[in-house]
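Here the structure comes first, spelled out in structure tokens, and everything after it is commentary.
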Amino acid sequence: MTSKPESYKPISGNDLPRFAGIATFMRLPYVDPRDAGEVDIGLIGVPWDGGTTNRAGARHGPRQIRDLSTMARNVHHATGIKPFHLCNCADLGDSPVNPVDIGDTLARVEKYYATVVDQGILPLSAGGDHLITLPVMRALCREEPVGMVHFDAHTDTWDRYFGESKYTHGTPFRRAIEEGLLDPKRTVQIGIRGALYSDKDKQWGLDQGIRVIEIEEYTEMGIAAVIAEARRVVGDGKTYISFDVDALDPVYAPGTGTPEIGGITTYDAQQMIRGLRGLNLVGGDVVEVSPPFDMSGNTALVAVTIMFEILCLLAEKVSQR
């Protein structure tokens, strides 16, 4: 495939130092999402954490991720994929949100992403807490449900918090399954661990047919077998990747709202995402980066590196259309 226009390429660190210029995702050009018809992959921030049940702060995630994304470069060192040569990529800005109204935020995010999806753009998002994936799926999965490869310490298939709260960062995939957006039998969750409120907390997802790989099984299986299992579960159908940074051990990503020790290493995470190469991907996100709990920015650096891994897969998929 021929290279895409220079107008959609990142600013080179050889032309402008990485610490200079206006921060955009991976130093890409900003494009108004209402007029982004030439864009193939849109990088989007959702600065919202109104679904958080304990340690807030993920609303600041997209801004810090943009800042740390100046470290991204053009060529994947292991696969050789050149995402910015394969397709047009751009920063489409932040979705509108309402910091004091969950319902209004869900509607705003869905409307924003519908504008993006209707132009044929694949979304790659930075959260924000994990509830943001629900309105993204509402826009992305209007015609048919998708499968999902989900990296997380938690299943996020719980029902309610505090009695009647159906919409929190612990419930998005239960709601997505109930709404017909997510196919549970084509969903695999990797890295699940941590104590539960009740022994019933994880049963609902298993009853729906979700393949849950808890951290103990993950360790016993090994990376290659986990990749093979994930590919088997999602098959050839449309698939979404959702990566919660708390899937990682907090020694690698302390800046998150619900850290759980005994998690995945950053290296393993990179290997697993690379192992998803060739799947029928329609989008992805990296969520739950909470800068107040990691002022060093390392968690945001981890997040943008995972975003780059996913971007390479999406770009290769676009180039094969």
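Here are the numbers for this structure:
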read-out: Residue tally, condition among the hydroxyl-bearing types (Ser, Thr, Tyr) and over 22 Å from residue 283 (Cβ atoms), over the range 242-262; value: 2
read-out: Helices (runs of 4 or more DSSP H) wholly inside the range 71-156 containing at least 1 residues that are small (Gly, Ala, Ser); value: 102-117, 133-140
read-out: Candidate set from the range 277-301 (those that are among the aliphatic types (A, V, I, L, M) and in contact with a helix residue (DSSP H, G or I) (Cβ under 6 Å, 6 or more places away or on another chain)); member that is surrounded by the fewest Cβ atoms within 10 Å (Cβ to Cβ); value: 301
read-out: Residue ID - nearest to the chain's Cα centre (by Cα), chosen from residues in the range 228-284 that are outside any helix (DSSP H, G or I) and of a type in the set (Phe, Trp, Tyr); value: 243
read-out: Any hit, the range 177-198, residues being touching a residue at least 12 places away in the same chain (Cβ under 8 Å), in a helix (DSSP H, G or I) and either of a type in the set (Asp, Glu) or touching a helix residue (DSSP H, G or I) at 6+ places or on another chain (Cβ under 9 Å) (or both); value: yes
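Every residue, every condition in (1) modelled with pLDDT under 85; (2) closer than 29 Å to residue 102 by Cβ; (3) touching a Pro at 6+ places or on another chain (Cβ under 6 Å); (4) part of a loop (DSSP other than H, G, I, E, B), yes or no:
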site: 2; (1), (2), (3), (4): yes, no, no, yes
site: 13; (1), (2), (3), (4): yes, no, no, yes
site: 18; (1), (2), (3), (4): yes, no, no, yes
site: 54; (1), (2), (3), (4): no, yes, no, yes
site: 61; (1), (2), (3), (4): no, yes, no, no
site: 66; (1), (2), (3), (4): no, yes, no, no
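The values are calculated or read from the model by the stated rules, or taken from the named source; none is laboratory data. Predicted, not measured: the structure shown is a model, and the values here were computed from it. No Cβ is skipped: glycine too gets one built from the backbone with ideal geometry, and neighbour counts run over all protein chains shown.
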